[in-house]
Amino acid sequence: RRLKSTAPTVREAMERHVATKTLRPATIEWYRHQTTVNLGRVADLPMDKVDRETCRALHERLPRDLRPTPATGALRVLKALYNDVARTMDLPPNPVTLAVRMHKEVERDWAVEPRDMGDAWAIIDGIENPVMRAAWATMMLTGLRANDVKTLRWEDIDEDGVAFIREPKGGESRAFRLPLPRAVLDEMETIR
């Protein structure tokens with residue numbers, strides 16, 4: 001008779017993983033979606049029963065036509081969950097790493113080329129909503145992410161024009177201070 005597995009299932013490992021990490025709600029939702037939808041066939045399988053053939057077959061079944069591919073995203077989640085469980089249990093080497101060749105993804109190319117900066121600024125200057133215009137100007141002049149600009153509050157900017165970014169990507173432990181350019185401060189004053 002086979003011994004009953006003591007390893008958590010893929011679904012249980014995912015819940016434990018998101019409970020012990022500092023992740024944004026959208027990231028947690030993405031992990032849950034990957035586990036229930038794309039990894040649904042193995043979601044209730046104990047982690048020590050996940051093998052190379054299961055991973056390879058799962059990767060081949062998932063569609064490749066979206067960006068990023070569901071197969072690659074789902075198997076990256078499975079790989080992370082397996083590694084997380086392997087921190088506390090004796091498991092064989094990660095079967096995702098051994099059995100799956102991730103689909104090549106096209107990198108996002110959203111950067112504005114230097115030759116296109118004039119056009120970009122003309123578009124930003126043409127935005128009628130002053131709050132939206134200030135947000136875009138702030139992102140362009142500081143390199144802040146959209147979420148950092150959206151969550152920036154007046155009390156986060158000190159009298160010297162230095163902004164405190166409370167929850168950057170990576171969580172509160174990566175909070176930092178950023179001196180804002182005069183153009184950003186002037187744009188913000190118009191909406192204050």
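Things worth noting here:
- Scanning segment 67-96 for residues that are aliphatic (A, V, I, L, M) and within 23 Å of the chain's Cα centre (by Cα) returns Ala71, Ala74, Leu75, Val77, Leu78, Ala80, Leu81, Val85, Ala86, Val96.
- Residue check, Glu29 farther than 13 Å from Tyr82 by Cα, part of a helix (DSSP H, G or I) and at pLDDT 90 or above: yes
- Candidates Ala86, Ala135, Ala146, filtered to the one that is modelled with pLDDT of 90 or more, of a type in the set (Gly, Ala, Ser) and in contact with a helix residue (DSSP H, G or I) (Cβ under 6 Å, 6 or more places away or on another chain): Ala135
- Condition met for Asp51 (in contact with a Ser or Thr (Cβ under 6 Å, 6 or more places away or on another chain), farther than 28 Å from Glu107 by Cβ and at pLDDT 90 or above): no
- Candidate set from segment 10-30 (those that are within 17 Å of Leu58 (Cβ to Cβ) and buried (at least 19 other Cβ atoms within 10 Å of the Cβ)); member that is nearest to the chain's Cα centre (by Cα): Met14
The values are calculated or read from the model by the stated rules, or taken from the named source; none is laboratory data. Please read all numbers here as calculations on a predicted model, not as lab measurements. Don't worry about glycine lacking a Cβ; one is built from the backbone with ideal geometry, like all the others, and counts go over all protein chains shown.
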